[in-house]
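Remarks on the structure that follows.
The values are calculated or read from the model by the stated rules, or taken from the named source; none is laboratory data. Since we're looking at a predicted model, the values are computed, not measured. Every residue, glycine as well, gets a Cβ built from its backbone with ideal geometry; the counts of neighbours run over all protein chains shown. Surface accessibility is based on the protein's heavy atoms, side chains included, excluding ligands, DNA and RNA. Shrake-Rupley method; radii C 1.70, N 1.55, O 1.52, S 1.80 Å.
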Amino acid sequence: PCPLTMSSMQVMRFATRAHIEAIFEENHPLWGGPLTPEQYRDYWFSLFLTPWGASNLRYMALTEEEEGPLLSSLKLYRFTGRLLGEPVVIAGIGAVYTPKEQRTFGSASLLVSEVMDYMQKKKAAIAILHTEIGLPFYERLGFVPLPAHETQGTLDAGEPRPEPGPGREIRDSAMQDAK
């Protein structure tokens, strides 16, 4: 049975502390290790208090009615970057999560779509989504996979830098990048 009745309405909102703590309690085994549940919670709440986090990091929630139960959640990051040489706002989406008892009702799909609409109104030019669950779910929502390359090792200041490729710029970071 669907958890929503015909008379209820789903609402996208900023997650409350109670929502976030419930999310962390359930998803700690997925994403929290090697931290204890308390360390995991404290780590994320400390990020919300940094100057960057206070302005650019939100936990979004989809609830039934304004004060209803949590149906789905995600982390929303606001980045600035450059696209074709011009500064742009980038919506970063991660940690899309639906409580076990709410799964298969389309809440995560609706929340991602609502967040995309919200960020488009906030003038975001592109959205980047990080996922560990596989691509088909997000491809159905219009996301396209990007190639990812991982490397591991130590950096030696004397080693030559790799050549920039198409769409990439390699340079020392600067204070303006922190903005």
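Note on segment 87-121: residues that are part of a loop (DSSP other than H, G, I, E, B) and modelled with pLDDT of 95 or more total 0. Filtering segment 14-29 to residues that are open to solvent by 40 Å² or more (accessible area, probe 1.4 Å), touching a residue at least 12 places away in the same chain (Cβ under 8 Å) and either out of contact with any helix residue (DSSP H, G or I) (no Cβ under 9 Å at 6 or more places or on another chain) or hydrophobic (A, V, I, L, M, F, W, C) (or both) leaves Phe14, Thr16, Ala22. Being open to solvent by 50 Å² or more (accessible area, probe 1.4 Å) and touching a helix residue (DSSP H, G or I) at 6+ places or on another chain (Cβ under 9 Å) is a description that does not apply to Leu146.
Residues that are open to solvent by 20 Å² or more (accessible area, probe 1.4 Å) and in contact with a helix residue (DSSP H, G or I) (Cβ under 8 Å, 6 or more places away or on another chain) within segment 53-66 comprise just one, Ala54.
Contact map, segment 94-121: first residue of a type in the set (Lys, Arg), second residue open to solvent by 50 Å² or more (accessible area, probe 1.4 Å), Cβ cut-off under 8 Å, separation 6 or more or different chains; pairs are Lys100/Glu26.
Residues that are among the basic types (Lys, Arg) and open to solvent by 30 Å² or more (accessible area, probe 1.4 Å) were ranked within segment 67-102; the one that is nearest to Gln10 (Cα to Cα) is Lys100.
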